[in-house]
Amino acid sequence: MIEQWREVGDRVYVRRHESFDLNAGLVVGGEGCLVVDTRMSHRQGRELADAVREITALPWTVLNTHAHFDHFFGNAVFLPADIWGHVRCAEAAEATGEAQRRNWLHEGPEELAEVEIVPPGRTFTDSVTIDLGGRPVHLRHLGRGHTDNDVVAEVPDAGVVFAGDLVEEGAPPQFGDAFPLEWPDTLARLLDLPGEAVVPGHGAVVDRDFVRRQRADLVTAVEILTTGGDPARSPFPGDTMAEIASRLRSR
């Protein structure tokens, strides 16, 4: 995979990475830019920062779409910039960051050992608008889904929404600390936002029809597991269905 920026709207860019097939985003305004997610380590964060500077020299602000290590462990590289996230994102990063580091160190990425865990320092509960200089970007918490702290970034003048891991392409959604019963309603609210291009946390950029299909798959999966429906109708592989079932039992 060639890791390079793709412009998906006017001065709105996506960089898709081989590591975790993760997307980082960049929105450029007249006086500043917004970096969406910072990857999983200082090393990867520095690589992303250098890539941002290939596009713009404007000062950056950062958004963490949620508190999973692959989306925020690069935060320290971007300091002293403002780093935004949901209030529960900051709490989860603080409470679980070290445990996430330990868990994933066993998987082999030694660069995690050097990470300074930096939670978002600017937080909100429902929504906030960032002005990049004549260009507003709306940050919104639409409800619980992939986590309890998912946020999206809406770029209204470009018709682009950065959805974080509320939307996944190329692999099934992940349910480790998800809210399967609420996720479909959260996606319905995402679909109420204007614009056609939706940037998932991982995988290729998608359109609204893809989001509708993924929402329908979530509804079907929950229905099968809660009503004893036909497993042959399952939209997801068995291990994903088992993960959803585990989360349903924990509610």
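The values are calculated or read from the model by the stated rules, or taken from the named source; none is laboratory data. What you are looking at is a predicted structure, and each value in this text was computed from that prediction instead of being measured. Cβ placement follows ideal geometry from the backbone for every residue including glycine, while neighbour counts extend to all protein chains displayed.
So here's what we get for this one:
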| item | result |
| --- | --- |
| So Thr240, is it farther than 16 Å from Gly170 by Cα and not charged (D, E, K, R) | no |
| Qualifying strands (runs of 3 or more DSSP E) (wholly inside the stretch 121-173; at least 2 residues being modelled with pLDDT of 95 or more and surrounded by fewer than 24 Cβ atoms within 10 Å (Cβ to Cβ)) | 122-124, 127-131, 136-140, 160-168 |
| Boolean, Glu111 is modelled with pLDDT of 95 or more, in contact with a helix residue (DSSP H, G or I) (Cβ under 6 Å, 6 or more places away or on another chain) and either of a type in the set (D, E, K, R) or assigned to a strand (DSSP E or B) (or both) | no |
| Some residue of the stretch 35-42 being among the hydrophobic types (A, V, I, L, M, F, W, C), within 29 Å of Val8 (Cβ to Cβ), in contact with a Gly (Cβ under 6 Å, 6 or more places away or on another chain) and in contact (Cβ under 8 Å) with a residue 60 or more places away in the chain | yes |
| Some residue of the stretch 5-14 being assigned to a strand (DSSP E or B), within 15 Å of the chain's Cα centre (by Cα) and in contact (Cβ under 8 Å) with a residue 60 or more places away in the chain | yes |
| Among residues of the stretch 234-251, those that are in a loop (DSSP other than H, G, I, E, B) and basic (Lys, Arg), counted | 1 |
| Residues of the stretch 174-197 satisfying the condition of being closer than 22 Å to Gly29 by Cα and outside any strand (DSSP E or B) | Leu193, Pro194, Gly195, Glu196 |
| The stretch 36-61 - residue that is β-branched (Val, Ile, Thr) and surrounded by fewer than 23 Cβ atoms within 10 Å (Cβ to Cβ) and, of those, nearest to the chain's Cα centre (by Cα) | Thr61 |
| Leading residue by the ranking (farthest from the chain's Cα centre (by Cα)) among those in the stretch 179-194 that are surrounded by fewer than 22 Cβ atoms within 10 Å (Cβ to Cβ) and over 20 Å from Val155 (Cβ atoms) | Leu181 |
| Test for Ala76: is it touching a residue at least 12 places away in the same chain (Cβ under 8 Å), aliphatic (A, V, I, L, M) and in a helix (DSSP H, G or I) | yes |
| Scan of the stretch 49-72 for residues that are over 23 Å from Val128 (Cβ atoms) and touching a residue at least 12 places away in the same chain (Cβ under 8 Å), ordered by number | Ala49, Ala51, Glu54, Ile55, Phe69, Asp70 |
| Qualifying positions in the stretch 198-227 - more than 15 Å from the chain's Cα centre (by Cα) and either at positive phi or not in a helix (DSSP H, G or I) (or both) | Asp207 |
| Test: residue in the stretch 203-223 that is among the polar types (S, T, N, Q) and free of Cβ contacts under 8 Å to residues at least 40 places away in the same chain | yes |
